[in-house]
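Asks: Would you mind keeping the following structure in view while I ask a few things?
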Amino acid sequence: MKKGFKFFFVLLILIGCGKRKNVTGGPKDKIRPEIINILPSEFSAVDSTDIEITFSKPMKHSSLANGLRIYPEIANYKISWIDPNVLLLKIKENLPDTLNYFFEFNENIKGYHNNKLDQTYNFVFTGGKLQDYSIRGDIIFEDKNDFGKEINLSLFAHDSTLIYSKTTKTNKILLTELNKDSYFLEAYIDKNKNNKYTYGSDPYFRRKIEADSLDKFLIFNLAYVDTVAPLLKTAKIINENQLELIFNEKIASVGDISVNSSDSAKINKKVIRSEIIDEKCFILCDFLDSLKYSVKCRDITDKKGNIADSLIAEAEGYAVVDTLAPEVVEFSIKDGSTVTESKPIIKIEFSEVMLKNFIDIKFSEIESGKKINFDYIGKAGKTIKISPRKSLRNFMSYEISVSDKTRDFKGNRLSEKATTEFIVILK
């Protein structure tokens, strides 16, 4: 009887085990995490402080290494997770109070179940005072059927470091809270949906925006690739020290220029300065004492990025003795105008290529007569740029004068002093 009972008991256990189902683990998590809160609020100062980011669900902490980008770089900060879904960034250095910082949290960041972040998030913070420069303008489409399609925009620093990316479906560009600097702006429509720009099939532009173009309304051409390299149409001797080159289109840069006499001696003339203005290149060089010169340019790049490796043109004509006085053609700040920046960049255009050492500029505060120290920005040429070293005072008037001591390379002096006056009224 006991044996029968034991057999029956074991049989019940075996039957029960046979009917038990394996654990399924429940439905697969397909919901992508989001950023639901950030403290302090965007645009706040974060000098030597903490930034707390809250996600909608627990995160895969190791994925942050490939998904967080900060520009400009902050060298000394610490990352910690105070909860599975709460990230703490501790800034451990003093940040300059005149810089904005861009924090990008992109889709390389993943949740605990490997779901990517639902979108790329961009936040702007500052080291002190929020900078509010902008890039703004309209996009013109080569193919009008592209209007309304999603455009991928990427903003790069002057050294081509990516700052952030975004998308838009309008023809309006408005990128705000920028530092005063030069940038590259790149855009394309991903027509074949491969998540990258495809040369030849996607409309595209990449454009450099100089610091003095910020806050100005710009036009951007979204065009299919022009693959035709630029051509050098003509070279002309202007006078005994200057040449003018004319290309078939607007030029972005020329890598190297050489000037040699076309006779058997092939005497090289030193190029002292060159400047590109649209489709023209102006060259200041050593004394031209022959009737014919060969001008060779290397690595000529047009505005669409097409490159000609080498172009040559012959410059003919009598090298006229340069007795013409240089002139100030224009100040970028018109006489009697108002300036809304404390450290404006002022452009002065001359009638010919000039050298800094030969230019005499005076910058002063009119009410006090105080001299304003300034710096030259970039190389001199037909156009020079200057900017005050210290911030100008609000509601004060200033004068910039180019004195008649200013002379060109041949010693011809300005015929008369040129001046412009303006008042500073800050926003």
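Asks: For segment 267-305, what are the residues that are part of a strand (DSSP E or B), of a type outside the set (Val, Ile, Thr) and either modelled with pLDDT under 90 or touching a Phe, Trp or Tyr at 6+ places or on another chain (Cβ under 8 Å) (or both)?
Replies: The answer is Lys269, Ser274, Glu275, Lys280, Cys281, Leu284, Lys292, Asp302.
Asks: Could you please find all residues in segment 128-148 being within 21 Å of the chain's Cα centre (by Cα) and either at negative phi or modelled with pLDDT of 95 or more (or both)?
Replies: Scanning segment 128-148 gives Leu130, Gln131, Asp132, Tyr133, Ser134, Ile135, Arg136, Asp138, Ile139, Ile140.
Asks: Lys270 fails exactly one of the following numbered conditions: (1) out of contact with any Cys (no Cβ under 8 Å at 6 or more places or on another chain); (2) among the charged types (D, E, K, R); (3) without any contact (Cβ under 8 Å) to a residue 40 or more places away in the chain. What is the number of that condition?
Replies: (1) is the only condition that Lys270 fails.
Asks: Lys382 - would you say it is within 22 Å of Phe282 (Cα to Cα) and within 33 Å of the chain's Cα centre (by Cα)?
Replies: yes
Asks: Please determine, by comparing only the residues of segment 62-100 that are more than 21 Å from the chain's Cα centre (by Cα) and among the aromatic types (Phe, Trp, Tyr), which one is farthest from Phe43 (Cα to Cα).
Replies: Applying the filter and picking the extreme gives Trp81.
Asks: Mind counting the residues in segment 58-76 that are modelled with pLDDT under 95, surrounded by 13 or more Cβ atoms within 10 Å (Cβ to Cβ) and in a loop (DSSP other than H, G, I, E, B)?
Replies: 4
Asks: If we scan segment 47-68, do we find a residue that is closer than 19 Å to Ala157 by Cβ and not assigned by TED's automatic domain parsing to the domain that holds Thr176?
Replies: yes
Asks: Just to check your reading of the model, which residue among Lys362, Lys390 is at pLDDT 95 or above, of a type outside the set (Gly, Ala, Ser) and within 20 Å of Ile425 (Cβ to Cβ)?
Replies: Going through Lys362, Lys390 in turn, just one is at pLDDT 95 or above, of a type outside the set (Gly, Ala, Ser) and within 20 Å of Ile425 (Cβ to Cβ): Lys390.
The values are calculated or read from the model by the stated rules, or taken from the named source; none is laboratory data. Because the structure is predicted, anything quoted here is derived from the model rather than measured. Cβ coordinates were reconstructed from backbone atoms using ideal geometry, including for glycine residues, and neighbour counts include every protein chain displayed.
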